[in-house]
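Accompanying notes for the structure given below.
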Ligand SMILES: Nc1ncnc2c1ncn2[C@@H]1O[C@H](COP(=O)(O)OP(=O)(O)O)[C@@H](O)[C@H]1O
Ligand SMILES: [Mg+2]
């Protein structure tokens, strides 16, 4: 029953870490699923977020956090699956061949892209890697400015690559930045704000995609 979601994208700054933390929180506190984040990025920014979170929420924190090397991700994720409903793997940029174990173990590969041509170019190789492993892929448009024509370009790009895209689009919103800086996530800072509603919709969409 338990599922592994790997968040991958060659390009740094596309929102992998932000989305990993936000999704994990929604699954845990809104859907009551036991959720663990597995951080394979040696940069360790999620670890810093998690320490801050533990310090702030104490025993009210419901998410678990582990680290692994990219190569060790598969082994670690298999063992975490035994006792968790959801394992979310955050990956570093430039994952290439080293990233295969984290892709292989995934039930779903979420690939965030910003609506920018540079991101589209950077995304092709990770899509190819996930396709070679015959994985379910969901492209997630992140940091979108509602009025930008580039959203349409992003949608065209996804269609051209013949992959699925999430119906939910995450806007470019300061709340994603500020909440992480506090060791929290958007749904813990907003009840009805746009960022919160987007994250709730995304988690729901992913849940139904994974049949959970
Ligand atoms: N939807 C969003 N709106 C505004 N800022 C965002 C959004 N998603 C991510 N960011 C910001 O963009 C930067 C890069 O995001 P991050 O999650 O660290 O990307 P990655 O892990 O892919 O390198 C961070 O400063 C983060 O706060
Ligand atoms: Mg990151």
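In table form, for the structure just shown:
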quantity: Length released on extending from residue 54 to residue 201, taking residue separation times 0.36 nm less the Cα-Cα span; calculated: 50.3 nm
quantity: Ordering of 9-22, 86-99 by burial proxy (mean other Cβ atoms within 10 Å per residue, highest first); calculated: 9-22, 86-99
quantity: Chain lengthening between residue 69 and residue 1 when straightened (0.36 nm per residue, less Cα-Cα); calculated: 22.0 nm
quantity: Global geometry of region 51-95, whether rounded, prolate or oblate, following the gyration tensor of its Cα atoms and the 1.5 cut on a/c; calculated: oblate
quantity: Computed lengthening from residue 212 to residue 125, 0.36 nm per intervening residue step minus Cα-Cα distance; calculated: 28.4 nm
quantity: Cα-projected label distance for residue 152 with residue 79, points at 7 Å along beta-carbon direction, nm; calculated: 5.2
quantity: Residue 191 versus residue 43: modelled label distance in nm, points set 7 Å from Cα along the beta carbon direction; calculated: 3.5
quantity: For the chain, built as a Gaussian network whose Cα springs stay under 10 Å, the top-fluctuating residue of 185, 62, 25; calculated: 62
quantity: Exposure proxy order (Cβ contacts within 10 Å, fewest to most) of 129, 46; calculated: 129, 46
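Bear in mind these aren't lab numbers, they're just calculated from the coordinates by the rules spelled out. On a predicted model such as this, the values are computed, not experimentally measured, just so you know. FYI the Cβ positions are ideal-geometry reconstructions off the backbone, even for glycines, and counts take in every protein chain you see.
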